[in-house]
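Input: a single structure, listed below in structure tokens.
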Amino acid sequence: MPLAGKIVGIDPGHNGRNFADPAYIDAQIWNGRESEDCDTTGTETDGGYTEALFNFQVATFLRADLVHDGASVVMTRASNDGVGPCVTSRAQIINGGHANVAVDIHADGGPPSGRGFAILEPVADGPNDAVITSSEQFGADIRQALLSGTAMPVSTYDGDQGITHRDDLAGLNLATEPKVLIECGNMRNATDAALLTSTAFQGQVARALEAAIIRFLS
Ligand code: ZN
């Protein structure tokens, strides 16, 4: 039980019915540095496989893996059939759950010619000041685990060798535990989309994240 006594936060980005309630998701929230939409619909593949579903699939696999390892898991949504919650609430759910580490799971809607995963890391903004260095270490652990455990390369268009820093996201600005946001691939690229829509790949991403979490917390 390598994660006995540990608490892990998982935020599967967006939600399956966000498109149905624009008034809710377009409301403005304060992300710690500026105003931001409560949430967004997320992207999808050219074939119509939604990012919200991909994120929830990976989160569900990851939760099972972590529970098997003895961890307690805090998730920000329990299904892919709802709306929201707002990105501020997602951060508060994980902070309030006293997570030892947390990950925001997403996939990108990038240029069709671009491939690969990117790890978005926090920039010191006040609430997250104490977790910048630890988040960078966690991001490095995830980068290595994704490269060794999946067929997804580092992004060809976002960041430097798969790592980028972002100060415009509530999930990173408001985090009080080590946390990164992963764009697991580019849903608008045909090669990446074939991976992202595969249950086998989704399970591989979950296992890579599990390995990175164990490494980081050990
Ligand atoms: Zn997203």
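With a Cα-only, solvent-free Debye model of the stretch 46-91, what are the log10 I(q)/I(0) values at q = 0.13, 0.26 Å⁻¹?
-0.36, -1.03
Rolling a 1.4 angstrom probe over the protein heavy atoms, how many square angstrom per residue are accessible across the chain?
In whole numbers, the chain has 40 Å² accessible per residue.
Sort by residue number and report every cysteine in the chain with no other cysteine beta carbon within a distance under 4.7 Å.
By the Cβ distance rule, which asks for a partner under 4.7 Å, the isolated cysteines are CYS184.
What spacing in nm lies between the two simple spin-label points modelled at GLN161 and ASP81, each 7 Å away from Cα in the Cβ direction?
Inter-label distance under the simple model: 4.6 nm.
Expressed as a rounded percentage, what relative contact order does the chain have, with Cα pairs under 8 Å and six or more residues apart?
28 percent
What number results when the radius of gyration of the chain, computed over Cα atoms, is divided by 2.2 N^0.38 Å?
Details: Rg = 15.7 Å, N = 218, 2.2 N^0.38 = 17.0 Å.
Expressed relative to 2.2 N^0.38 Å, the Cα Rg reads 0.92.
Can you compute the helix-only [θ] at 222 nm over the chain? Use -39500 (n - 2.57) per DSSP H run of at least 4 residues, normalise by all residues, nearest 500 deg cm²/dmol. Show your work: numbers first, answer last.
Working: 7 runs with 80 residues, N = 218.
Calculated mean residue ellipticity at 222 nm is -11000 deg cm²/dmol.
Tabulate in residue order the Karplus-calculated ³J(HN,Hα) for the stretch 73-78, using 6.51 cos²θ - 1.76 cosθ + 1.60 with θ = phi - 60°, rounded to whole Hz; enter x for Gly and Pro.
10, 10, 10, 8, 8, 9
Jot down the per residue volume, in cubic angstrom and as a whole number, of the convex hull over the alpha-carbon atoms of the stretch 1-111.
112 Å³
At what distance in nm do the modelled label points of ALA130 and THR191 sit from each other, each positioned 7 Å from its Cα along Cα→Cβ?
4.4 nm
If I stretch the segment between SER218 and SER113 completely, what's the gain in nm (0.36 nm per residue apart, minus their alpha carbon distance), one decimal? Let's see the in-between values first.
Values: separation 105, 0.36 × 105 = 37.80 nm, distance 3.82 nm.
The span from SER218 to SER113 would gain 34.0 nm if fully extended.
At a 1.4 Å probe, what is the % contribution of carbon and sulfur to the accessible area of the chain?
C and S fraction of accessible area: 52 percent.
Roughly what % of DSSP beta bridges within the stretch 7-217 run antiparallel, to the nearest 5?
If I count the DSSP bridges inside the stretch 7-217, around 30 percent turn out antiparallel.
May I ask you to compute the full-extension gain from HIS98 to ALA151, defined as 0.36 nm times their residue separation minus their alpha-carbon distance, rounded to one decimal in nm?
15.8 nm
Using label points projected 7 Å from each Cα along Cα→Cβ, tell me how many nm separate GLN137 and THR40, to one decimal.
Distance between the two pseudo-spin positions: 3.2 nm.
Apply the Karplus curve 6.51 cos²θ - 1.76 cosθ + 1.60, θ = phi - 60°, to the phi angles in the stretch 94-105 and return the couplings in whole Hz, x for Gly and Pro.
6, 4, x, x, 6, 5, 7, 7, 8, 9, 9, 9
Grab the beta carbon distance between PHE19 and SER198, set R0 = 25 Å, and tell me the FRET efficiency rounded to 0.05.
Computed FRET efficiency for PHE19 and SER198 comes out at 0.55.
Using a simple charge model, +1 on the beta-carbon of Lys and Arg, -1 on the beta-carbon of Asp and Glu, nothing else, what dipole does the stretch 7-217 show about its Cα centre, in debye to the nearest 20?
540 debye
Return the ratio Rg/(2.2 N^0.38 Å) for the stretch 1-58, where Rg is computed over Cα atoms only. Could you put the intermediate results ahead of the total?
Numbers: Rg = 15.0 Å, N = 58, 2.2 N^0.38 = 10.3 Å.
Taking N as the residue count of the stretch 1-58, the ratio is 1.46.
The values are calculated or read from the model by the stated rules, or taken from the named source; none is laboratory data. Everything numeric in this text was worked out from a predicted model, so none of it was measured. FYI the Cβ positions are ideal-geometry reconstructions off the backbone, even for glycines, and counts take in every protein chain you see. Note: areas computed on protein heavy atoms with side chains; ligands, DNA, RNA excluded. Shrake-Rupley method; radii C 1.70, N 1.55, O 1.52, S 1.80 Å.
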